[in-house]
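For reference, the structure discussed in these notes is given below.
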Amino acid sequence: MTVSLKSNERLDDLQRNGYRIIQNPEKFCFGMDAVLLCGFARAKSEDTLLDLGTGTGIIPILMEGRYGLSHLTGLEIQEESADMARRSVILNHLENKIDIVTGDIKEADNLFPSASFDCITCNPPYMIGQHGIVNPEAPKAIARHEILCTLEDVVRQAAKLVKPGGSFFLVHRPFRLAEIITCMTNHKLEPKRMQLVYPYVDKEPNMVLIEGVRGGKPRMTVDKPLIIFEKPGEYMPEIREIYGY
């Protein structure tokens, strides 16, 4: 099937398995947080995965390239983003492995059977209330601010849809870490592993990666810090490895 680009869209090389992704920079493009989440997540080749709020499908495509899972599903509420994700799936000949579903995270348990995924990923909107400047462009605002769903919505749905013993992988901002851990434990997604991400070795962390296990026992390990830049414009070796450079 021929895949054509629409107005203002572009093709980006994902540096893995020859995969490419369709994006519209005037709407929203994936960021480093999605790539780092895929580097942090763990999965087996026989696993099934659900990505909540998949955007243009970056996480299912990268996770397939990294782990070759048996099947992956991306859930996205914005039809324009879902359409780009579907065309990227076709472009990469992954139609038999990746499904893109248009729907609301808050209604995910009505779209999929309970406890039906081995692992769930999410790169959710980070900002609440007056945190940050709300982008006037709706697609970007929805991606960055809790307009259509909250952290509570995401965690509640993940807890319902992941299998007992299955993992939920989340990337978020450190300033909400206490809220994240409390929310996960309240929904029986026991935090088991965490990693803080720092832009430079002497700066404060600006991302947190966290794994929760449904029904897991209380005990969390903290991975060594992940540093992005060795110096301005130059990634640390660990970051280059995650990107596949």
Open item on the list: If the requirement is being in contact (Cβ under 8 Å) with a residue 40 or more places away in the chain and within 27 Å of residue 173 (Cβ to Cβ), which of these qualifies: 90, 59, 22, 98?
Closed with: 59
Task: Members of segment 20-33 found to be within 17 Å of residue 89 (Cα to Cα) and surrounded by 20 or more Cβ atoms within 10 Å (Cβ to Cβ), listed by number - done: 21, 22, 23, 30
Task: Members of segment 143-160 that are closer than 19 Å to residue 38 by Cβ and modelled with pLDDT of 90 or more - done: 154, 158
Task: Subset of segment 19-31 [modelled with pLDDT under 95 and either part of a helix (DSSP H, G or I) or in contact with a strand residue (DSSP E or B) (Cβ under 6 Å, 6 or more places away or on another chain) (or both)] - done: 29
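So that you can scan it fast, the table gives a plain yes or no per residue for (1) closer than 26 Å to residue 153 by Cα; (2) at pLDDT below 95; (3) part of a strand (DSSP E or B); (4) touching a strand residue (DSSP E or B) at 6+ places or on another chain (Cβ under 9 Å):
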residue: 4; (1), (2), (3), (4): no, yes, no, no
residue: 17; (1), (2), (3), (4): no, yes, no, no
residue: 36; (1), (2), (3), (4): yes, no, no, yes
residue: 46; (1), (2), (3), (4): no, no, no, yes
residue: 83; (1), (2), (3), (4): yes, no, no, yes
residue: 87; (1), (2), (3), (4): no, no, no, yes
residue: 94; (1), (2), (3), (4): no, no, no, yes
residue: 100; (1), (2), (3), (4): yes, no, yes, yes
Task: Filtered residues of segment 65-76 (kept if surrounded by 20 or more Cβ atoms within 10 Å (Cβ to Cβ) and either of a type in the set (A, V, I, L, M) or in contact (Cβ under 8 Å) with a residue 40 or more places away in the chain (or both)) - done: 69, 72, 73, 75
Task: Residue in segment 174-191 that is nearest to the chain's Cα centre (by Cα), counting only those that are assigned to a strand (DSSP E or B) and farther than 14 Å from residue 120 by Cβ - done: 191
- [ ] Of the conditions (1) touching a strand residue (DSSP E or B) at 6+ places or on another chain (Cβ under 8 Å); (2) buried (at least 19 other Cβ atoms within 10 Å of the Cβ), residue 62 clears all except one; give me its number.
- [x] (1)
Task: Selection from segment 110-134 of residues that are modelled with pLDDT of 95 or more, under 18 Å from residue 149 (Cα atoms) and surrounded by fewer than 16 Cβ atoms within 10 Å (Cβ to Cβ) - done: 110
Task: Options 48, 54; residue that is closer than 19 Å to residue 113 by Cβ and over 13 Å from the mean Cα position of the chain (by Cα) - done: 48
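The values are calculated or read from the model by the stated rules, or taken from the named source; none is laboratory data. These numbers were taken from a predicted model, which means no experiment stands behind them. All Cβ positions, glycine included, derive from the backbone under ideal geometry; neighbour counts span all protein chains shown.
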